[in-house]
Structure formats: C-alpha cells, structure tokens
Amino acid sequence: MRYTYRIITLNINGIENQTRLHMLEDFIKRHDIDIALLQEVTDEDKLTCRGYHVTAKVGITGRGTASIHKPHLEFQRIEHIPSGRGIDETCIINIYAPSGTAKRTEREEFFSVDILGLLPLRPIQLIIAGDFNCVLNNKDCTGQRTNSQALRTLINGLKLKDAWDPNINPYSLNSNGSDTYRQDVPIGRLDTS
C-alpha cells in the first residue's frame, strides 16, 4: 500500500519571535503538513506546534534542526550529530549544512564524514532534505557557484534522485534580488526494490 505525505523543508533563519512562530504553526496546520523539516533552529523550547510532535536539536554551533510531525507518524529512531546539523528519523534525514564560501571545506567534510553516521545500515527508502547550502550543478544557480563534490559523491553512491521539478520553479532561493539558487531541495531513493 502506498501512502502520500505532505513533507516540507524550511530554513527558519533562527526565528524566536512568538508571532512568527505562531505564523509557522498556522502555516503547517493550514496546509495539513504531515512532516515539517526545519533548519537554523536556535531555541528548542520555543518551537511548539499544538497537535504535533516536535523534535529539535540545537548543537554546539548554536543552530540546529527540528522536525514537526503528526502524532500518528511514529518515528522509531531519532539520532543527532553533535553539531545539531542533522536528525535521522528512520528514512528521513533532515540536514543543515555549513553555509558560505568560507566554510566550503567544513561543508565538504559534513557531506563526506559527518552525515555518514545518520545513514541507515541497510537499503531502505531514504529521503535527505534540508538546507544543503550548495548546488549540484552550475545550472542550479545564477550567482556565485557553491558546488559540492562531496554531496555529488554522496548522492551518486547512495543512488539518490533529485526530487526537484524545475518545470514548476527553477530556483528555491532568491538571495539578494538578482542571484537565485536551488539549494534547499529534497533528494531521495523511494523505490529500493
């Protein structure tokens, strides 16, 4: 039997203002979201959503990840990496990769070393989503290119597919009014047979 779930990924940019947090909760409920994967979470205690389960981890960097999911969806294993940049929820991995050109080496290490501890040991259905803070191809941005060879190697090694549909919207981020990027998108392997 196949199920359809509404899953979103959103970089909340460290919001702690109660009004904005209520707007986020309202958005999740209004759109009947099953699972919300959040990045740049700065306060685990302020993040709530009535009628949903919330799991958050702020790491040593002062920022982290969170998931908000409907209570009927049981997550059986939740693991964190010390930086708070990832939570593994069975077959869904929510990441927040280091950002900026200055952190290119840290980002490559994140994709080639840190994330490995979150990967399942056996072939299962797998979705990796979140804020990758880099692109896979030059066509994925119009501004400065922040490609990641380590992310490309990870995707190819796990036989993951990019879930983004460029025919609907070619970019997921407009950074300064002129540069556009496609860096906050899900990738996954949904049929493992």
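For this structure, a couple of remarks:
- Only one of the numbered conditions (1) touching a Gly at 6+ places or on another chain (Cβ under 8 Å); (2) of a type in the set (Val, Ile, Thr); (3) at pLDDT 90 or above is violated by Thr61, and that is (3).
- Residues that are assigned to a strand (DSSP E or B) and of a type outside the set (Ser, Thr, Tyr) within region 8-40 comprise Ile8, Leu10, Asn11, Ile35, Ala36, Leu37, Leu38, Gln39, Glu40, listed in sequence order.
- Restricting attention to region 128-140, the residues being at pLDDT below 80 and either over 21 Å from Ile8 (Cα atoms) or among the β-branched types (Val, Ile, Thr) (or both) number 4.
Every residue, every condition in (1) surrounded by fewer than 17 Cβ atoms within 10 Å (Cβ to Cβ); (2) at pLDDT 70 or above; (3) in contact with a strand residue (DSSP E or B) (Cβ under 6 Å, 6 or more places away or on another chain), yes or no:
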{"position": "Leu118", "(1), (2), (3)": "no, yes, yes"}
{"position": "Ile124", "(1), (2), (3)": "yes, no, no"}
{"position": "Gln144", "(1), (2), (3)": "yes, no, no"}
{"position": "Leu154", "(1), (2), (3)": "no, yes, no"}
{"position": "Leu160", "(1), (2), (3)": "no, yes, yes"}
{"position": "Asp179", "(1), (2), (3)": "yes, no, no"}
{"position": "Ile187", "(1), (2), (3)": "no, no, yes"}
{"position": "Ser193", "(1), (2), (3)": "yes, no, no"}
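The values are calculated or read from the model by the stated rules, or taken from the named source; none is laboratory data. Note that the structure is a prediction, hence the values are computed from the model and not measured. Because the Cβ atoms are built from the backbone with ideal geometry, glycine has one as well, and the counts that use them run over all protein chains shown.
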